[in-house]
Structure formats: structure tokens, C-alpha cells
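Note sheet for the following structure.
The values are calculated or read from the model by the stated rules, or taken from the named source; none is laboratory data. Given the structure is predicted, the values throughout are model-derived calculations rather than measurements. Note: areas computed on protein heavy atoms with side chains; ligands, DNA, RNA excluded. Shrake-Rupley method; radii C 1.70, N 1.55, O 1.52, S 1.80 Å.
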Amino acid sequence: MTDSSTRRTVLVTGAAAALTAGCSKYGDGNDSSGSSSVKASGGQELAKTADIPVGGGKILKDRKIVVTQPKKDEFKAFSAICTHQGCTVGTVANGTIDCPCHGSKYRIEDGSVETGPAPKPLPAEQIKVEGNSIRLA
């Protein structure tokens with residue numbers, strides 16, 4: 001019976017080590033690249049102004065940002081992470097930024113909640129428009 005109890009100990013210890021190894025969070029400083037975010041650093045181009053429709057927007061999933069153009073030549077940017085449960089928003093249509101997970105809708109003008117269950121607005125991102133380029137400020 002010592003063989004089977006030793007085997008159980010090894011299996012349990014191995015499983016605990018595997019679970020512990022998976023507990024670090026992305027961007028918590030434990031990676032060797034020095035990178036802690038998937039967002040573009042300041043100054044990098046997010047989109048061209050022509051790519052953002054008037055009265056709509058574009059979701060940049062890889063950067064977790066949504067850029068909108070509520071009125072001609074007025075550009076806004078917000079986090080693309082829903083404030084309800086952290087899903088990435090899925091569409092921009094009919095003046096709102098829409099989350100596919102639970103139906104939250106945010107206004108393209110200011111990121112405020114139009115329809116819940118989101119408890120608060122999408123956080124604004126600072127951008128600047130230079131010519132036909134939209135960049136993080």
C-alpha cells in the first residue's frame with residue numbers, strides 16, 4: 001500500500017504545483033518581456049479618421065479600445081471592456097457601443113450607460129487627432 005499512497009502524494013503534489021503556476025495574472029510583472037499591457041503606448045496610431053464612421057465607431061479588440069465619431073470630425077475613445085462583467089464590447093451601432101454578453105449599451109458621445117446592467121460608464125481613453133491619424137495621447 002505504500003506504493004499507491006506514494007503515487008497519490010505525487011499526483012496531488014503535481015496537480016497543486018500546476019494550479020499554482022497558473023495563478024499569476026497577465027501583466028502582473030511576472031513576465032520577462034517587461035510588457036504589462038496590450039494597449040498601444042502613447043503616440044501609436046489607433047486608426048485612420050476615415051475608418052471611423054460618423055455616428056458610429058470601431059472596436060480595436062487587440063488594443064481593448066473603441067473609437068467613436070459622434071459628430072463629423074469629433075472623435076472619442078473608451079475602454080472596450082464592459083463595466084458589468086469584463087466582456088469586450090462587440091458592436092457599435094445606432095449611437096451605442098454594445099456588449100454581447102448581457103446587453104449593456106453605452107452612448108458613443110461619452111461612454112455613459114444607456115442600458116444596463118452595466119453599473120458605470122466606459123472609462124475614457126485620451127486620444128489626439130493628427131491629420132488623418134487617431135493616436136493615443
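Carbon-plus-sulfur accessible fraction, segment 77-137 (probe radius 1.4 Å, protein heavy atoms only): 47%. For Gly90, the residues whose modelled amide H falls within less than 5 Å of its own, excluding neighbours fewer than 5 places apart on the same chain, are Asp98, Cys99. Where a Cα-Cα gap under 24 Å defines reach, which lysines qualify for Lys105, not counting those fewer than 8 residues away within the same chain? Cα-Cα hits under 24 Å: Lys39, Lys58, Lys61, Lys64, Lys71, Lys72, Lys76, Lys120.
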